[in-house]
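Asks: So that we are looking at the same thing, I have put the structure below in structure tokens.
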Amino acid sequence: MLATMPLPGAAGARRSEGQTSTVDVHGRPIGDLRISVTDRCNLRCSYCMPEEQYAWLPHDDILRFEEISLLVDVFAELGAAKVRLTGGEPLLRRDLRTLVRFIADKPRIHDIAMTTNGVLLAEHAHALRAAGLHRVTVSLDTLHPERFKALTRRTTHAQVLEGLRSVPAAGFTNTKIDTVVIRGVNDDELAGLIEFGKTIPAEVRFIEYMDVGGATQWSYDKVFSRAEIIRSLSRRYGRVEAIPSEGAAPAAQFALPDGTTFGIISSTTQPFCSACNRSRLTADGMWYLCLYAPRGTNLREPLRQGASPEEMKAIVARVWGARSDRGAEARLANRSRGALLPAIQLKRDAHLEMHTRGG
């Protein structure tokens, strides 16, 4: 069901460097668009996909690359300049480089990135770089194969490391490693991961364990906080310095005494909702304004019914202009919080899963 909120007035758009940028009720502009190209994944990480079987999105509902390209044009004209391809595991989507080429040809899009678990990356890295992909982020929660197997229920740890090592050879720079830190699971590997990142080279971003989607076993006592991450690294390296930033990036950046930088995404204990400019498009065309949002807007339906680009722009501008989401802050205020959603509810609606709406 499409939202029926009124189109935003003068406060709903502002001009930046000659380009209109639609803003929400808190003045946050449309910025990063995260596109999940598939809900399928070849891992079963305990904090994301704790079950073996899921209700998958119907095949006929999955957007074609041409449809995704049209939607990217809509968002770009409203101010979006960055696109991140996600999943599930995006490299399970056949011929992903075709979509990358479509997006790379759009002059309004200045940055195209991809988040992957790395299992298939070595096979595709060169082709994706040639197609126009700018940056790669690889999820890696541990350097230990047995721990990896326990976390993911798969034995593909070596392939992930191979994928990471293929990134610089393919010509990528500004590579990131995303690590979800869980107390008692991998919080003893922070320095090891930073040292490994130096060999790629890649900057590590530590992510606080979040209570979204498939994190059905989440509890606050498993969260290893930003403050604890800094204390742990300070004991190993000495003084950790914060790097000032005025951007809307989700990660706060820090530097070690030797100049090595790392990031922390502290959505659980120190949310950044006030600056959040990102939204998520699922593989079947549902658009979500917040990871915690229970409902999204169906963009596939009007697109396939023949809506013009201007009509699609009006829908997106209307919905974003009325956006008031501050989901992580609302969760922070809930002192008795547990997992966001029970497994039984997740099984009834695939769109509530992290692997469907992307990270």
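The values are calculated or read from the model by the stated rules, or taken from the named source; none is laboratory data. Computed from a predicted model, the values in this text were never measured in an experiment. Note that we place each Cβ from the backbone using ideal geometry, even for glycine, and neighbour counts take in every protein chain shown. Areas reflect the complete protein model, heavy atoms only, side chains present, ligands, DNA and RNA absent. Shrake-Rupley method; radii C 1.70, N 1.55, O 1.52, S 1.80 Å.
Asks: Since PHE196 meets every condition but one in (1) hydrophobic (A, V, I, L, M, F, W, C); (2) assigned to a loop (DSSP other than H, G, I, E, B); (3) over 21 Å from the mean Cα position of the chain (by Cα), which condition does it not meet?
Replies: Failed condition: (2).
Asks: Sticking with this structure for a sec: Which ones in region 32-48 are closer than 17 Å to LEU91 by Cα and assigned to a loop (DSSP other than H, G, I, E, B)?
Replies: Result: VAL37, THR38, ASP39, ARG40, CYS41, ASN42, LEU43, ARG44, CYS45.
Asks: Name every residue in region 185-203 that is within 22 Å of ALA249 (Cα to Cα), open to solvent by 10 Å² or more (accessible area, probe 1.4 Å) and in contact with a strand residue (DSSP E or B) (Cβ under 7 Å, 6 or more places away or on another chain), in order of residue number.
Replies: Across region 185-203, the qualifying residues are ALA202, GLU203.
Asks: Kindly list, by first and then second residue, each pair from a residue in region 298-316 that is closer than 15 Å to ALA283 by Cα to a residue that is in a helix (DSSP H, G or I) and open to solvent by 60 Å² or more (accessible area, probe 1.4 Å), limited to pairs with Cβ atoms under 7 Å and residues at least 6 apart or on different chains.
Replies: Matching pairs, first to second residue: LEU303/LEU70.
Asks: Related question: Inspect all residues belonging to region 107-125 and state whether any of them is more than 30 Å from VAL181 (Cβ to Cβ) and of a type in the set (A, V, I, L, M).
Replies: yes
Asks: Go through the residues of region 195-210 one by one and say whether even a single one is modelled with pLDDT under 95 and either polar (S, T, N, Q) or farther than 30 Å from GLY132 by Cα (or both).
Replies: Yes, some residue in region 195-210 is modelled with pLDDT under 95 and either polar (S, T, N, Q) or farther than 30 Å from GLY132 by Cα (or both).
Asks: For region 204-218, name all the residues that are over 16 Å from the mean Cα position of the chain (by Cα) and either open to solvent by 20 Å² or more (accessible area, probe 1.4 Å) or hydroxyl-bearing (Ser, Thr, Tyr) (or both). Spell out the reasoning first.
Replies: First, the residues of region 204-218 that are over 16 Å from the mean Cα position of the chain (by Cα): 216-218.
Answer for region 204-218, where residues must be over 16 Å from the mean Cα position of the chain (by Cα) and either open to solvent by 20 Å² or more (accessible area, probe 1.4 Å) or hydroxyl-bearing (Ser, Thr, Tyr) (or both): THR216, GLN217.
Asks: Can I ask one more? Looking only at helices (runs of 4 or more DSSP H) that fall completely inside region 278-357, which ones have 3 or more residues that are over 18 Å from ARG34 (Cα atoms) and modelled with pLDDT of 95 or more? Walk me through it before giving the result.
Replies: Values: elements: 300-304, 309-321, 327-333, 343-348, 354-357.
The helices (runs of 4 or more DSSP H) meeting that bar are 300-304, 309-321.
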